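For reference, the structure discussed in these notes is given below.
The values are calculated or read from the model by the stated rules, or taken from the named source; none is laboratory data. Just so it is clear, the structure is predicted and the values come from calculations on it, not from any experiment. Positions of Cβ are generated from backbone atoms using ideal geometry, with glycine treated the same way; all protein chains shown enter the neighbour counts.
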Amino acid sequence: MQSMNTLPLPNSGRSSALLNRLLARTRLRQLQLLILIADLGSIQRAAEVVGQTQSSATKALSELERMVGLPLFERHARGVRPTLICRDLLPLLRSMLGSLTGCAEMLAAAAQGAQGVLSVGAITGALSGFLGRELAPFLQQHPQLRVEVVEDSHHALLAALAARTLDMVLVREPAVVASGMRFVPLLQDQVVAVAGPSHPLHRKRVVHANQMLEQQWVLAPLSTQMHEAFERLFESCAQLPQHSPLITRSLPMLLEYLRTTNAVALTPLSVVQPFVQAGWLRVLALQFPPTLAAIGLLVPETPEKHGVNLLAEFLAQVAVKSLPSHSH
């Protein structure tokens, strides 16, 4: 019978032992090097980025592989590629080093007199239609705070908020608000058709879908709300416009293309409102049903940072002036 001393450790015991070994012996530079090797596919190029020799980088990687007891890279004629376990580790390592970067930025801000740093994520419509104009007066009222703003997609922002790498996000109202979060509506939105300031239809008081069949269109990618709105617009026509040479979700690309052509596009009003107000774009008189969810603030019910409540309350008070009375 095998003695208790020779029984293999359970998974929890093995992971605890490995954690203690990593804490005691791993250097952060090794983890940075591992990520760079995976990204660049070359130990030599990764070493150059961090200012090491190839031999020292190779030694650091070998130490790390011995420490974890697993190969992290496969060698081949043109360099190296991460093993399957290394690929699984990379997202965790990137997140960890990203958090360390956030710590460094927060400490640097504190050294310069800041009393708090907020990380705020937002979709494009929230930036163009609301946060871009409201953040300046907030920071004037609270000069001790610093705000880092990150633009990303709805799903990426929700994931970052769940992982607590962002303190709050401005997104469209989700179908289900996660436990421990609250949603504060800030901005109603609608689909609009836009074109450049010289487009011949911009002076029409009413524009019908059949008048738009011969227009050149800039399309949103498939499986987006704007592409679905485009298809619904022409349901009564039993056909779609045939001239759609450009597909993009890039706002700079859209603005420049509409400015230099007679093309039209569907977009949330929140995304293009500043450019309409500046006269760079015109909203055509096409009517759409209210199919877009409100843009609002998704924030933890009990945030860790005091500044989160300050910004949330400020934005909510500003929004009260513009939201319809039936908003919830």
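Please indicate, with yes or no, whether at least one residue in segment 225-245 is at pLDDT 90 or above, outside the structural domain of residue 157 (by TED's automatic domain parsing), surrounded by fewer than 12 Cβ atoms within 10 Å (Cβ to Cβ) and within 30 Å of residue 318 (Cα to Cα). Scanning segment 225-245, I find no residue that is at pLDDT 90 or above, outside the structural domain of residue 157 (by TED's automatic domain parsing), surrounded by fewer than 12 Cβ atoms within 10 Å (Cβ to Cβ) and within 30 Å of residue 318 (Cα to Cα), so the answer is no. Tell me, yes or no, whether segment 126-143 has at least one residue that is in a strand (DSSP E or B) and of a type outside the set (Val, Ile, Thr). No, because not a single residue in segment 126-143 is in a strand (DSSP E or B) and of a type outside the set (Val, Ile, Thr).
Going by the structure shown, is residue 198 of a type in the set (S, T, N, Q), part of a helix (DSSP H, G or I) and either in contact (Cβ under 8 Å) with a residue 12 or more places away in the chain or crowded, with 21+ Cβ neighbours inside 10 Å (or both)? Spell out the reasoning first.
Values: of a type in the set (S, T, N, Q): yes; part of a helix (DSSP H, G or I): no; either in contact (Cβ under 8 Å) with a residue 12 or more places away in the chain or crowded, with 21+ Cβ neighbours inside 10 Å (or both): yes.
So residue 198 fails the test.
Filter segment 186-195 for residues that are touching a helix residue (DSSP H, G or I) at 6+ places or on another chain (Cβ under 7 Å) and either assigned to a loop (DSSP other than H, G, I, E, B) or under 17 Å from residue 297 (Cβ atoms) (or both) and give the result. Explain how you work it out, then say what you get.
Here is the first cut: in segment 186-195, the residues touching a helix residue (DSSP H, G or I) at 6+ places or on another chain (Cβ under 7 Å) are 186-187, 189-192, 194-195.
Hits for segment 186-195 are 186, 187, 189, 190.
Would you call residue 260 β-branched (Val, Ile, Thr), at pLDDT 90 or above and more than 26 Å from the chain's Cα centre (by Cα)? When the stated conditions are applied, residue 260 passes them.
Within segment 127-142, residues that are outside the structural domain of residue 315 (by TED's automatic domain parsing) and on the phi > 0 side of the Ramachandran plot reach no partner that is surrounded by 14 or more Cβ atoms within 10 Å (Cβ to Cβ) and modelled with pLDDT under 95 with beta carbons closer than 9 Å at six or more positions or on different chains.
Taking segment 263-294 on its own, how many of its residues are on the phi > 0 side of the Ramachandran plot and within 26 Å of the chain's Cα centre (by Cα)? Reasoning before the result, please.
Residues of segment 263-294 that are on the phi > 0 side of the Ramachandran plot, as a first pass: 279.
Next, only the ones that are within 26 Å of the chain's Cα centre (by Cα) stay: none.
Residues flagged as on the phi > 0 side of the Ramachandran plot and within 26 Å of the chain's Cα centre (by Cα) within segment 263-294 amount to 0.
Can we say residue 207 is surrounded by 14 or more Cβ atoms within 10 Å (Cβ to Cβ), among the β-branched types (Val, Ile, Thr), part of a loop (DSSP other than H, G, I, E, B) and not assigned by TED's automatic domain parsing to the domain that holds residue 132? The answer is yes for residue 207.
Of everything in segment 65-74 that is at pLDDT 90 or above and either in contact with a Lys or Arg (Cβ under 9 Å, 6 or more places away or on another chain) or in a strand (DSSP E or B) (or both), the residue that is surrounded by the most Cβ atoms within 10 Å (Cβ to Cβ) is 73.
Would you check if residue 177 is among the aliphatic types (A, V, I, L, M), surrounded by fewer than 17 Cβ atoms within 10 Å (Cβ to Cβ) and not assigned by TED's automatic domain parsing to the domain that holds residue 256? Yes, satisfied.
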